[in-house]
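Okay, so here's the structure we're looking at.
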Amino acid sequence: MTAPSFTFYDRERALLAEGPELLARADPLEIKDYTIRLLDRFEKVVRENEDLTRHSDRQEQRLVKLNKNLKTQARDLEERQTKLESISKNLARYLPPQIHEALFSGQHETAVVTKRKKLTIFFSDIRGFTEIAENLQPEELTDTLNEYFSEMTEIALAHGATIDKYIGDAIMIFFGDPESKGVREDARACVTMALQMQNHMRSLRKRWQLRGFSHPFEIRIGINTGFCNVGNFGSEQRLSYTIIGGEVNLAQRIESIADPGGILISADTYAHVIDLVEGDERESVSLKGIDRKIKTYAISGRKQSRPQSFKISHPAGVSVDLDRDQLSEAERKNLADQLRSLADDLS
Amino acid sequence: MTSLNIQATDRTPEISIEGSPPRMRISGESFPEDVAAFYGPVVFAVESLVDSLTERLHVEINLAYVNSSSIKALYRIFEGISEIHSKNLLESITWFYPDDDDILQELGEDFKDRFPDLPFQIEITA
């Protein structure tokens with residue numbers, strides 16, 4: 001059985017439907033009874049309508065109020081957001097960018113937690129900084145030092161380094177955490193960065209000399225690769241994201257014996273960059289606090305890639321087309337001697 | 001006795017008529033997509049109670065939001081309850097409203113004014 005249907009104003013419609021027939025019959029008693037029912041229903045409808053209108057107005061007032069509150073809240077939120085962004089921007093200068101990004105995206109753990117990881121550690125300092133500092137006005141020293149730090153930092157960040165800290169005139173950097181491209185690639189990125197830093201130091205020194213700076217900075221760089229503890233050290237109140245371990249100390253010791261303007265790296269780092277850079281093996285040394293002899297390599301620059309094939313074509317009838325890999329060491333030497341002799345005769 | 005049990009949805013209230021002594025409860029939010037379709041069975045269930053009740057009815061209405069069309073449906077339900085009251089089969093109507101909701105408090109007062117003969121109480125939701 002279908003449930004009887006309910007529609008709004010069904011009673012009123014039914015009452016109205018009776019009207020035409022009643023009026024046509026024109027029975028005064030029927031009309032009187034109908035009028036009474038009509039008035040009663042009409043009164044109810046008017047009351048309902050009054051209540052509904054009032055209720056609708058109240059709801060509307062609430063909506064207007066909510067809308068105003070929402071707008072105020074949105075404005076407050078926007079102001080807070082701007083303030084937070086400004087704070088975050090300032091805070092970013094005190095933190096390694098990777099950590100700052102990870103922190104603000106909620107991906108960085110802020111508990112006192114560390115892990116053991118193979119990293120490449122970089123140390124640099126300015127040769128004779130104490131003496132330089134004594135001979136410079138504090139303002140000049142500050143400006144030059146900040147210029148130096150800022151340009152080195154730019155290079156470091158471009159290579160994906162994690163800048164651990166500035167310690168006086170020294171810079172401590174590591175590769176391999178929180179982001180890593182693998183131990184080998186991290187070591188290569190570090191050494192490449194060091195080369196670029198020393199190259200850039202030459203430009204900086206010229207700039208400083210032109211400015212009349214009589215003792216332009218010269219830096220030493222030391223690099224080592226090994227297992228360290230990396231993470232948040234400190235307490236629940238104050239944390240420092242850094243690295244510790246014997247390999248960190250070793251990197252610092254290597255830096256202390258590097259030539260001014262030079263880059264000295266450990267054998268562990270060299271193993272990862274042997275095909276990338278020119279390295280001169282140094283005599284193994286004993287370093288303070290390290291209970292073994294340390295083999296180091298002084299890096300002079302990137303390895304020049306030698307051309308594999310040679311082609312010479314001269315109108316005089318000289319034509320050379322050879323593939324270097326097709327010749328043995330002796331054949332190459334013999335050919336080089338002949339060509340050298342020919343060149344001597346021609347000149 | 002007519003009984004009814006409609007589960008609540010995010011747009012419609014829970015409505016039940018059951019028990020002994022009989023109790024009718026309406027609770028939740030009311031803004032159905034089709035008010036006539038939703039409240040039709042309730043209106044007719046209340047109207048049929050006039051002939052099926054053997055004990056006095058308790059009514060509890062506890063709504064958190066009511067749209068205008070639902071108010072129109074509630075009028076029809078109150079008309080049915082008035083008829084039950086005229087047969088001396090209504091014990092009480094309690095209209096509950098949330099503590100900080102003056103709109104629902106005033107709506108309860110409007111119903112009380114429109115049906116002055118009913119044993120109508122207005123209380124803050126516990």
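Below are the figures for this structure:
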read-out	value
Extent along principal axes [Cα atoms of region A:8-94; Å; largest to smallest]	97, 16, 12
Neighbour-limited loop hits for chymotrypsin sites (Phe, Trp or Tyr not before Pro), region A:1-97 (at most 11 other Cβ within 10 Å; DSSP other than H, G, I, E, B)	A:Tyr94
FRET E, pair A:Arg184, A:Lys83, Förster distance 45 Å, beta-carbon r, rounded to 0.05	0.55
Relative contact order (%) - criterion: Cα under 8 Å, at least six apart; region: region A:190-263	35
Net length gained if the chain between B:Glu79 and B:Glu106 were fully extended (0.36 nm per residue, minus Cα distance)	7.8 nm
Chain A: most fluctuating residue of A:Ala267, A:Ala330, A:Ala161 per GNM, C-alpha cutoff 10 Å	A:Ala330
Relative contact order (%) - criterion: Cα under 8 Å, at least six apart; region: chain B	22
Cα-based equivalent ellipsoid, chain B: semi-axes from gyration tensor eigenvalues, Å	21, 17, 13
Exposure rule at most 13 other beta-carbon atoms within 10 Å, DSSP loop trypsin sites (Lys or Arg not before Pro): chain A longest free segment	A:1-92
q = 0.12, 0.17, 0.25 Å⁻¹: log10 I(q)/I(0) that the Debye formula gives for region A:164-254, counting C-alpha atoms only	-0.49, -0.85, -1.35
Angle between chain A longest axis and helix A:10-25 axis [Cα atoms, degrees, rounded to 10]	30
Under 5 Å, built H, 5+ apart or other chain: amide partners of B:Glu123	B:Trp95, B:Phe96, B:Tyr97
Estimated FRET transfer efficiency (A:Ile244, A:Ala74; beta-carbon r; R0 35 Å; 0.05)	0.15
Among B:Ser92, B:Val50, B:Pro32 the positive-end extreme of the charge dipole of chain B (Cβ point charges)	B:Val50
Amide N proximity, region A:244-266 versus A:Ala133 label position 7 Å along Cα-to-Cβ, cut-off under 20 Å	A:252-253, A:255-258, A:260-261
Quotient of Cα Rg and 2.2 N^0.38 Å for chain A, N being how many residues it contains	2.06
Theoretical FRET efficiency, 1/(1+(r/R0)^6), r = Cβ-Cβ of A:Asp33 and A:Leu63, R0 41 Å, to 0.05	0.35
HN-Hα J in Hz across region A:209-215 - Karplus 6.51, -1.76, 1.60, θ = phi - 60°, x for Gly and Pro	4, 4, 7, x, 7, 6, 10
Computed P(r) (all Cα pairs; region A:114-302; 5 Å bins; percent)	1, 8, 17, 20, 19, 15, 10, 6, 2, 0
Viscosity 0.890 mPa s, 25 °C: Kirkwood-radius Stokes-Einstein D of region B:57-126 over Cα pairs, µm²/s	199
Hypothetical label at A:Ala298: residues of region A:266-285 whose amide nitrogen lies under 16 Å (7 Å Cα-Cβ projection)	A:266-267, A:278-285
Calculated from backbone phi, Karplus (6.51, -1.76, 1.60) coupling profile of region B:75-91 in Hz, x at Gly/Pro	4, 5, 5, 5, 5, x, 5, 4, 5, 4, 4, 5, 9, 6, 10, 10, 8
Gain on full stretching of the segment that runs from A:Phe42 to A:Arg332 - 0.36 nm per residue minus C-alpha separation	92.7 nm
For B:Val66, distant residues with modelled amide H under 5 Å away	B:Ser30
Chain A: relative contact order as a whole-number percent, Cα under 8 Å and 6+ apart	13
Helix axis angle, A:28-92 relative to chain A longest principal axis, alpha carbon, degrees	10
Degrees separating the helix A:138-158 axis from the principal Cα axis of chain A, which is the longest one	80
Backbone HN-Hα couplings from phi across region A:189-200 [Karplus 6.51/-1.76/1.60, Hz, Gly and Pro as x]	5, 5, 5, 4, 4, 4, 4, 5, 5, 5, 4, 5
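Coordinate-derived values only; no laboratory data. Computed from a prediction, not measured in an experiment: that's the story for all the values here. Cβ atoms come from the backbone with ideal geometry, glycine included; neighbour counts cover every protein chain shown.
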